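The values are calculated or read from the model by the stated rules, or taken from the named source; none is laboratory data. This one's a predicted model, so the numbers in the text were calculated from it and none came from an experiment. As a convention, Cβ positions derive from the backbone with ideal geometry for all residues, glycine included, and neighbour counts pool all protein chains shown.
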Amino acid sequence: MKSNQLALTFSSIAENVGIARLLIASVGGQLDLPLNDIEELKVAVSEAVSNAIIHGYQNQANRIVYLNLEVTSDTLKIVVKDEGCGIRDVEQAMQPAFSTDPERMGLGFVFMQSFMDDLQVDSVVNVGTTVTMLKKLQQSSSASH
């Protein structure tokens, strides 16, 4: 299977979380992933995009969230980027139940870590945050597409 790249930029509003979920679900469907894997991808993408909107941009609607997908023969790479306030302490932010917003559970990174094969969070205060997630693809379906 050849490499496929998709890039989506959208306003930092909650409604666009659903669009990001639809995109990853349709990509997962094209890859013939099991429904459970597609559900996990949707949760991971939702959490990353929600973090960008809620924490990165503090719910300012006029900012831009970047979502990039890259599919190769054995890997799905998902990158969610914002140019928001950044994360002061990434290690602390990735702890279960840590949240800067008392209304939130603080499990976003926990979900991303458990549902993806690799999670990398790069953040610079007042520059932004880039979340890179990798999902290894099974080689079960021979070149069916």
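Please determine whether any residue of region 97-108 is within 13 Å of the chain's Cα centre (by Cα), crowded, with 16+ Cβ neighbours inside 10 Å, in a helix (DSSP H, G or I) and in contact (Cβ under 8 Å) with a residue 12 or more places away in the chain.
Scanning region 97-108, I find at least one residue that is within 13 Å of the chain's Cα centre (by Cα), crowded, with 16+ Cβ neighbours inside 10 Å, in a helix (DSSP H, G or I) and in contact (Cβ under 8 Å) with a residue 12 or more places away in the chain, so the answer is yes.
Criterion first (of a type outside the set (Asp, Glu), surrounded by fewer than 18 Cβ atoms within 10 Å (Cβ to Cβ) and not in a loop (DSSP other than H, G, I, E, B)) does Gln120 satisfy it? Don't jump to the end; show me each part of the working.
On the way: of a type outside the set (Asp, Glu): yes; surrounded by fewer than 18 Cβ atoms within 10 Å (Cβ to Cβ): yes; not in a loop (DSSP other than H, G, I, E, B): yes.
So Gln120 passes the test.
So, in region 123-145, of the ones that are of a type in the set (Ser, Thr, Tyr) and at pLDDT 95 or above, which residue ends up surrounded by the most Cβ atoms within 10 Å (Cβ to Cβ)?
Going through the qualifying residues, I end up with Thr129.
For Ser46, work out the one condition from (1) in contact with a strand residue (DSSP E or B) (Cβ under 6 Å, 6 or more places away or on another chain); (2) in a helix (DSSP H, G or I); (3) of a type in the set (S, T, N, Q) it doesn't fulfil.
(1)
Can you name the number of the only condition in (1) of a type in the set (A, V, I, L, M, F, W, C); (2) at pLDDT below 95; (3) in a strand (DSSP E or B) that Phe111 fails?
Going through (1) of a type in the set (A, V, I, L, M, F, W, C); (2) at pLDDT below 95; (3) in a strand (DSSP E or B) one by one, Phe111 breaks only (3).
Considering each residue of region 29-77, count those that are surrounded by fewer than 21 Cβ atoms within 10 Å (Cβ to Cβ), without any contact (Cβ under 8 Å) to a residue 40 or more places away in the chain and either more than 16 Å from Asn4 (Cβ to Cβ) or polar (S, T, N, Q) (or both), and give that number.
Final tally of qualifying residues: 8.
Every residue in region 84-96 that is surrounded by 17 or more Cβ atoms within 10 Å (Cβ to Cβ) and out of contact with any helix residue (DSSP H, G or I) (no Cβ under 7 Å at 6 or more places or on another chain), please.
Let us first name the residues in region 84-96 that are surrounded by 17 or more Cβ atoms within 10 Å (Cβ to Cβ), namely 84-87, 93-94.
Gly86, the sole residue that qualifies.
If Thr9 passes every condition in (1) over 19 Å from Leu134 (Cβ atoms); (2) part of a helix (DSSP H, G or I); (3) among the hydroxyl-bearing types (Ser, Thr, Tyr) but one, which one does it miss?
(2)
Being within 16 Å of the chain's Cα centre (by Cα) and assigned to a loop (DSSP other than H, G, I, E, B) is the filter here; which residues of region 54-85 pass it?
Our first condition is that a residue be within 16 Å of the chain's Cα centre (by Cα); within region 54-85, this holds for 54-57, 64-71, 75-84.
Residues satisfying the conditions are Tyr57, Glu83, Gly84.
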